[in-house]
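Just so it is clear, none of the values below were taken in a lab; they were calculated from the coordinates. This is a predicted model, so every value here is computed, not measured. Here the Cβ positions follow ideal geometry from the backbone for every residue, glycine too, while neighbour counts run over all protein chains shown.
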Amino acid sequence: MPVIGIIFYGFLAIVAVGSALGMLINRNAIYSALFLVLNFATVAVLYLALGAPFIALSQITVYTGAIMVLFLFVITLLGAEKLPGYEPIKGQRLIGIGLAVVFLAELALFFFFRNQTTGPVPFVGAEFASPQNIGLLMFTEYLLPFEVVAFILLSATVGAIMLTKPDRKVSTKLSQQQD
Amino acid sequence: MPLGYFLGLSAVMFTIGILGVILRRNALVVFMSLELMFNAANLVFVTFASYYQVLTGQIFVFFVMAVAAAEVAVGLALMVAIFRTKRTIDIDLMSSLKG
């Protein structure tokens with residue numbers, strides 16, 4: 001591995017973990033959302049390095065473009081950047097961080113002691129995951145899941161509209177009955 | 001690049017997401033931590049798609065993204081509906097079912 005590769009991957013890892021920590025620590029929800037945008041963009045660069053250009057651009061458009069804008073819109077709509085601060089349950093933070101360290105240690109132990117040698121991730125060419133190949137696979141072998149996802153998106157849209165609809169009809173009916 | 005780099009990065013990001021769900025009180029930040037965990041899982045999918053030279057992992061990541069978008073739409077609508085009745089999105093205060 002050349003030095004420039006190590007610098008590249010090390011920089012990406014530092015930015016990804018740092019922005020995730022920034023999202024976790026920051027008290028203002030707007031800054032948390034912006035840190036998460038940075039994290040998603042960094043992971044998109046990692047996807048490009050792994051030879052997945054279609055997924056990388058989907059990540060940029062769907063996650064950082066659509067989902068995070070929705071988040072920012074709802075945060076500003078509700079005016080919920082900051083909550084009035086008070087102490088959470090006593091010792092919750094310490095126990096939570098301790099459990100997280102235990103979880104990470106478990107994952108590391110599993111990775112190191114599973115008696116299976118792993119090689120480096122091979123460099124894949126541009127042909128492997130080109131949008132053409134992904135489209136061919138998605139519209140032939142995975143056509144049914146694709147249609148199901150379309151239905152899920154439709155029902156989610158209808159559900160979101162129904163959930164946020166102001167129930168005006170009931171009050172008007174009641175007032176008409178009273179008249 | 002060794003496989004452990006991507007797996008380790010994904011594990012750290014997933015753990016930070018879990019910490020966000022456990023520690024934060026703002027329900028919107030809890031949702032963002034969920035997105036971070038989805039992202040960590042997607043990174044492992046793409047890593048193994050390249051590692052084994054099988055395209056199915058990347059297709060699955062696409063489906064995960066679509067379902068996550070649907071989940072966020074419904075979840076944020078729920079947040080708005082809860083905010084209308086309770087006037088807060090502090091998850092410590094959403095305790096109406098507590099006896």
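Observations, loosely collected:
- Computed E for residue B:78/residue A:28 - FRET, C-beta separation, R0 25 angstrom, nearest 0.05: 0.65
- Close amide-amide hydrogen proximity is noted between residue B:24 and no other residue 5 or more places distant or on a separate chain, at a cut-off under 5 Å (H modeled in the peptide plane; Pro and chain starts excluded).
- 17 Å tail of the calculated P(r), chain B, as % of Cα pairs: 61
- Placing +1 on the Cβ of every Lys and Arg and -1 on the Cβ of every Asp and Glu, with no other charges, gives the protein assembly as shown a dipole of roughly 920 debye about its Cα centre.
- Each of A:97, A:43, A:66 was scored by the projection of its Cα onto the charge dipole of chain A, and the greatest displacement toward the positive side belongs to A:97; charges sit on the C-beta of Lys, Arg, Asp and Glu.
- Using alpha carbons only, the radius of gyration of the protein assembly as shown set against its Kirkwood radius gives Rg/Rh = 1.03.
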